[in-house]
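Below is one structure; the comments refer to it alone.
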Amino acid sequence: MTAPILIAGRMPPNVIPQLQEHFPVHILPEPTAEADALLQEVGSQIRGLATNAVQGVPLALMDALPALEVVASSGIGTDALNLDAARRRNIRVANTPDVLTADVADAGIALMLATARKLCQADRNVRAGRWLQGLGLGHRVTGKRLGILGLGRIGQAVARRAAAFDMHIGYHQRRANPDVPYRYYDSLPDLAADSDFLMVIVPGGSATEGMVDRTVLDALGPEGTLINIGRGSTVDEPALVDALQEGRLRGAGLDVFHDEPHVPDALIDMDNVVLQPHYASGTVETRLEMGQLVVDNLRAHFDGQPLLTPT
């Protein structure tokens with residue numbers, strides 16, 4: 001194949017070698033001046049773009065690629081892909097859903113357990129020779145009430161895992177899903193008020209920005225715990241900090257933040273908060289499967305076939 005491909009952003013290790021077997025491949029440098037020079041040289045020739053859900057496709061990059069036909073993104077999120085602009089230019093876009101569902105669901109359960117049972121604080125105690133000093137008792141997960149904000153693929157996978165802990169499961173999203181046995185709440189504050197743990201799994205973007213605000217956190221209450229494996233923008237982060245500092249919320253397990261990789265010092269200083277570096281899908285198996293989908297989507301497009309995972 002002769003269609004030039006641009007790699008813009010971090011890729012799983014199986015992507016570039018495979019693409020180089022089939023396409024002329026250019027890798028966008030991180031320094032701005034070097035990136036601009038490369039785009040001046042080859043930007044008009046690039047027909048395919050491999051990126052990820054974090055770096056995405058900035059409008060300036062899209063504008064620098066007038067011949068662009070297809071974007072293959074490693075990741076499930078689409079808020080950084082500028083889908084509307086891509087559609088206006090008839091650029092096909094694919095992401096990598098499904099392959100990360102199991103690992104993200106596992107991570108959600110792990111964060112819930114780690115926060116409730118103080119696993120990270122207990123680990124720090126042992127390493128520092130403090131043993132049980134200042135640790136206190138954790139809280140049970142089995143039999144508790146789990147509210148899920150966003151019962152999509154990952155939300156349903158979380159619910160199946162939570163059922164093994166005999167948890168009582170409810171959920172909120174735009175509309176009820178008649179195919180699941182869990183209780184639907186048409187109000188997020190009502191779901192929070194009826195939950196011991198509230199797990200956030202909705203995508204980012206303007207539709208979900210700040211959904212988990214002070215009203216929701218106060219409904220979850222001082223015996224409640226927030227788990228976020230969705231997007232940092234969904235939670236009002238200052239309101240979350242205030243609720244934790246003032247004892248209006250028991251704890252939080254967070255894989256995502258509003259301004260990644262920057263995390264408020266107040267959260268870092270709290271023992272009742274478990275923090276992860278947007279790492280829920282960070283397994284070797286998932287990353288390789290995501291990378292393979294990026295390659296397969298680009299090859300499908302230039303073979304004249306439908307994308308495997310169109311957005």
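The values are calculated or read from the model by the stated rules, or taken from the named source; none is laboratory data. Only a predicted model underlies this, so the values are computations on that prediction, with no experimental measurement involved. No Cβ is skipped: glycine too gets one built from the backbone with ideal geometry, and neighbour counts run over all protein chains shown.
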Any idea which of PHE197, PHE257 is outside the structural domain of LEU83 (by TED's automatic domain parsing), surrounded by fewer than 24 Cβ atoms within 10 Å (Cβ to Cβ) and not basic (Lys, Arg)? PHE257
Consider the stretch 129-158. How many of its residues are surrounded by fewer than 22 Cβ atoms within 10 Å (Cβ to Cβ), more than 15 Å from LEU119 (Cα to Cα) and of a type outside the set (Ser, Thr, Tyr)? 8
Counting only residues in the stretch 1-49 that are polar (S, T, N, Q) and part of a helix (DSSP H, G or I), the one surrounded by the fewest Cβ atoms within 10 Å (Cβ to Cβ) is identified as THR32
May I ask you to verify whether LEU132 is closer than 19 Å to ALA252 by Cα and either outside any helix (DSSP H, G or I) or in the same structural domain as GLY253 (by TED's automatic domain parsing) (or both)? no
Identify the single condition in (1) surrounded by 20 or more Cβ atoms within 10 Å (Cβ to Cβ); (2) touching a helix residue (DSSP H, G or I) at 6+ places or on another chain (Cβ under 6 Å); (3) within 30 Å of THR78 (Cα to Cα) that ASN95 does not satisfy, given that it satisfies every other one. (2)
Enumeration of residues in the stretch 271-292 that are closer than 17 Å to ILE227 by Cβ, touching a helix residue (DSSP H, G or I) at 6+ places or on another chain (Cβ under 6 Å) and crowded, with 16+ Cβ neighbours inside 10 Å: VAL273, VAL274, ALA280, SER281
Selection over the stretch 28-72 where residues are touching a Pro at 6+ places or on another chain (Cβ under 8 Å) and charged (D, E, K, R) yields a count of 1
I'd like the full set of residues that are touching a strand residue (DSSP E or B) at 6+ places or on another chain (Cβ under 8 Å) and within 23 Å of THR283 (Cα to Cα), limited to the stretch 120-144. CYS120
Return yes or no: is ARG87 under 30 Å from THR311 (Cα atoms) and of a type in the set (Lys, Arg)? yes
Subset of the stretch 132-152, residues in contact with a helix residue (DSSP H, G or I) (Cβ under 6 Å, 6 or more places away or on another chain) and more than 30 Å from PRO189 (Cα to Cα), comes to LEU135
Would a scan of the stretch 44-53 turn up a residue that is at pLDDT 95 or above and more than 27 Å from GLU289 (Cα to Cα)? yes
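Per-residue answers, yes or no, for (1) over 23 Å from GLY282 (Cβ atoms); (2) outside the structural domain of SER233 (by TED's automatic domain parsing):
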{"position": "VAL70", "(1), (2)": "yes, yes"}
{"position": "GLY77", "(1), (2)": "no, yes"}
{"position": "ASN82", "(1), (2)": "yes, yes"}
{"position": "ARG88", "(1), (2)": "yes, yes"}
{"position": "VAL93", "(1), (2)": "yes, yes"}
{"position": "ALA105", "(1), (2)": "no, no"}
{"position": "GLY108", "(1), (2)": "no, no"}
{"position": "ALA114", "(1), (2)": "no, no"}
Do we find a residue being over 30 Å from ALA192 (Cα atoms) and of a type outside the set (A, V, I, L, M, F, W, C) anywhere in the stretch 114-124? yes
Those residues of the stretch 212-254 which are surrounded by fewer than 19 Cβ atoms within 10 Å (Cβ to Cβ) and aliphatic (A, V, I, L, M), in sequence order: VAL241
Look at the stretch 176-194 and say how many of its residues are buried (at least 19 other Cβ atoms within 10 Å of the Cβ) and not aliphatic (A, V, I, L, M). 2
